[in-house]
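The values are calculated or read from the model by the stated rules, or taken from the named source; none is laboratory data. Just so you know, these numbers come straight off a predicted model, no measurement behind them. Cβ coordinates were reconstructed from backbone atoms using ideal geometry, including for glycine residues, and neighbour counts include every protein chain displayed. These area figures cover heavy atoms from the full protein model, side chains too; ligands, DNA and RNA do not enter into them. Shrake-Rupley method; radii C 1.70, N 1.55, O 1.52, S 1.80 Å.
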Amino acid sequence: MAKKILVTGGTGYIGSHTVVELQQAGYEVVIIDNLSNSNADVLEGITRITGKRPLFDKLDCKDMDALKALFRKHHFDGIIHFAASKAVGESVQKPLLYYRNNLVSLINLLELMPEHNVKGMVFSSSCTVYGEPDSNPIDENAPIKPAASPYGNTKQINEEIIRDFIHSGAPVMSIILRYFNPIGAHPSAEIGELPLGVPQNLVPYITQTGIGIREQLSVFGNDYNTPDGSCIRDFINVVDLAKAHVKAIERMLNNQSDEPVEIFNLGTGTGLSVLELIALFEKVSGKPLNYKIVGRREGDIEQIWANPGKANKVLGWKAEISVEDTMASAWKWQLRLREKGVM
Ligand code: UD1
């Protein structure tokens, strides 16, 4: 019988790409999402790619009664927990919203796992836990730095909650995945990133400027201590990233984990600057991008890229898609949204 995986936040950007990979690997998927930052239309895209419609429940992970009912209805072999608020700036404005959403959701799910015999949880964390690294590339043993925002702090606290719970003897396992900068879309352009309102992240802002929804991209700073002065990130293709989740689930369900809690960096291992990424966009779209250099954005890290060696070796996963192809996929997705009249 197919193993059943609960994907919280499964209609979101990374969640939806992961659902596709899980279904293609033969897993049965149940999605829950409160649709606060995504749209149920995503289910159509997933269905068109995989030929199978995942089960979906509009449910908020803060609602323990609804979660209990869900866990009575299904037996889950594993959980992939994406559901969280993720806008850094908003988290500074509304810290309690971020702490409530991101902490209560995790606590509720963990609490239900032992009594319902759910074996493990894959948790979405972020390279933001490393703060400004002392050196790059950065591996999992690098120190955790004080968080620069409530959002970042929720990721650090979430990691600690998982560790403390498992160290208390709870019979569950977890794999914590620290993402670098996920970008791009499924090559079919059936699913992709769909920010509500003005995008906060770089790539949706680039593609929306490219298509004329936004007038001009502001590049936040060109006076950093980097070769071209703009910030450096490890941009990782979202489909590559999604595949790592399938590897992580397999590892836990097949009892291959060395420790009850394992942490993996998910990145390409290569840093690229904001200006280099813009140049790649111009190359794949065949048009110049309207951008200007403005002042630095508060809280930005100067440069960070991953040492993904542990994930390569232990998880048997490696980023495979080039950043150029990834930017082409992001552009194809933006063009598809225009075609469909979405934006
Ligand atoms: C941030 C968070 C990360 C979080 C992610 C999800 C930090 C340090 N990082 O990533 O933890 O998981 O958001 O939302 O808090 N840029 C521009 N113009 C723009 C937008 C961005 O120049 O309009 C630049 C930024 O200054 C940065 C780079 O592009 O140098 C990437 O920015 P972004 O896409 O927002 O991601 P991070 O800030 O790296």
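Observations, loosely collected:
- Residues satisfying the stated conditions in segment 212-227, i.e. aliphatic (A, V, I, L, M) and either touching a Lys or Arg at 6+ places or on another chain (Cβ under 6 Å) or buried (at least 17 other Cβ atoms within 10 Å of the Cβ) (or both): Leu217, Val219
- Cβ-Cβ under 8 Å pairs, at least 6 apart or on other chains, segment 291-317 side more than 28 Å from Thr207 (Cβ to Cβ) and assigned to a helix (DSSP H, G or I), far side open to solvent by 50 Å² or more (accessible area, probe 1.4 Å) and acidic (Asp, Glu): Gly309/Asp139; Lys310/Asp139; Val314/Asp258
- Count of residues meeting criterion [within 24 Å of Gly269 (Cβ to Cβ), open to solvent by 10 Å² or more (accessible area, probe 1.4 Å) and near the ligand (Cβ under 10 Å from one of its atoms)] in segment 184-203: 2
- In the condition set (1) open to solvent by less than 70 Å² (accessible area, probe 1.4 Å); (2) part of a loop (DSSP other than H, G, I, E, B), Tyr151 is compliant with all but (2).
Residue by residue, here is whether (1) open to solvent by 60 Å² or more (accessible area, probe 1.4 Å); (2) within 16 Å of the ligand (Cβ to nearest atom); (3) among the aliphatic types (A, V, I, L, M); (4) in a loop (DSSP other than H, G, I, E, B) holds:
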| position | (1), (2), (3), (4) |
| --- | --- |
| Ile249 | no, no, yes, no |
| Met252 | no, no, yes, no |
| Ser257 | no, no, no, yes |
| Thr270 | yes, yes, no, yes |
| Lys287 | yes, no, no, yes |
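- Residue identified as in contact with an Asp or Glu (Cβ under 6 Å, 6 or more places away or on another chain), in contact (Cβ under 8 Å) with a residue 40 or more places away in the chain and of a type outside the set (Asp, Glu) among Ile162, Ile175, Ile183, Ile191: Ile175
- Residues that are within 16 Å of the ligand (Cβ to nearest atom), exposed (fewer than 15 other Cβ atoms within 10 Å of the Cβ), of a type outside the set (Phe, Trp, Tyr) and not in a helix (DSSP H, G or I) occur at least once in segment 117-133.
- Given (1) touching a residue at least 60 places away in the same chain (Cβ under 8 Å); (2) more than 16 Å from the ligand (Cβ to nearest atom), index of the condition Asn136 fails: (2)
- Test: Ala244 is more than 10 Å from the ligand (Cβ to nearest atom), open to solvent by less than 10 Å² (accessible area, probe 1.4 Å) and not in a loop (DSSP other than H, G, I, E, B): yes
- Residue in segment 159-174 that is within 16 Å of the ligand (Cβ to nearest atom) and surrounded by fewer than 17 Cβ atoms within 10 Å (Cβ to Cβ) present: no
- For segment 236-290, a residue qualifies if it is touching an Asp or Glu at 6+ places or on another chain (Cβ under 8 Å) and small (Gly, Ala, Ser), and the qualifying residues are Ala242, Gly267, Gly269, Gly271, Ser273.
- Segment 289-299 - residue that is of a type in the set (D, E, K, R) and touching a helix residue (DSSP H, G or I) at 6+ places or on another chain (Cβ under 9 Å) and, of those, farthest from the ligand (Cβ to nearest atom): Glu298
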